[in-house]
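Each remark here refers to the structure printed beneath this line.
The values are calculated or read from the model by the stated rules, or taken from the named source; none is laboratory data. Every value quoted in this text rests on a predicted model; they were computed, and no experiment measured them. Here the Cβ positions follow ideal geometry from the backbone for every residue, glycine too, while neighbour counts run over all protein chains shown.
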Amino acid sequence: MIRCMQRLEPLISAQELAEYLDVPVATVYAWRYRRQGPPGLRVGKHLRYRSIDVDEWIESQLEDSNQGFNPVAVPTAAINNRRVSHERRAG
C-alpha cells in the first residue's frame, strides 16, 4: 500500500490554486460554490484539488474560449474604425 501512495501526486490547496491561476482565493471558493471551477474535494475541513483535474479544467476553458471564434468574421468596418480612431489620436 505504501508503494501505491508514493505514486500519487500531492493535492493542492485552494490558496495554491489561486496563486497558480493568479486569481484571489475568494474567486476559487466562489467558483466552487457556483460549480464553475475545477472539481475539488474535501479532506476533512480542507479543500484540495488534484493537478490532473486542474489541467483538464484549464483545457476545457481553452476549448470553450476558442469555440465560435472566427477571425475572418470580424467586420471590416470595425477594423477601419479602430484605424481611424488611432490615427486621430496620433495626429
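Considering only residues that are in contact with a Pro (Cβ under 7 Å, 6 or more places away or on another chain) and either under 13 Å from residue 53 (Cβ atoms) or surrounded by fewer than 13 Cβ atoms within 10 Å (Cβ to Cβ) (or both), which ones fall in segment 11-36?
Result: no residue meets the conditions.
Restricting attention to segment 5-23, which residues are part of a helix (DSSP H, G or I) and within 15 Å of the chain's Cα centre (by Cα)?
14, 15, 16, 17, 18, 19, 20, 21
Got at least one residue in segment 42-49 being among the aromatic types (Phe, Trp, Tyr) and exposed (fewer than 11 other Cβ atoms within 10 Å of the Cβ)?
Within segment 42-49, none of the residues are among the aromatic types (Phe, Trp, Tyr) and exposed (fewer than 11 other Cβ atoms within 10 Å of the Cβ).
State yes or no: is residue 47 among the aliphatic types (A, V, I, L, M) and at pLDDT 85 or above?
yes
What's the number of the condition residue 58 fails, among (1) in a helix (DSSP H, G or I); (2) among the hydrophobic types (A, V, I, L, M, F, W, C); (3) touching a strand residue (DSSP E or B) at 6+ places or on another chain (Cβ under 8 Å)?
(3)
Residue 26 versus (1) outside any helix (DSSP H, G or I); (2) farther than 17 Å from residue 10 by Cα; (3) modelled with pLDDT of 95 or more: which is the lone unmet condition?
So residue 26 meets the others, but not (1).
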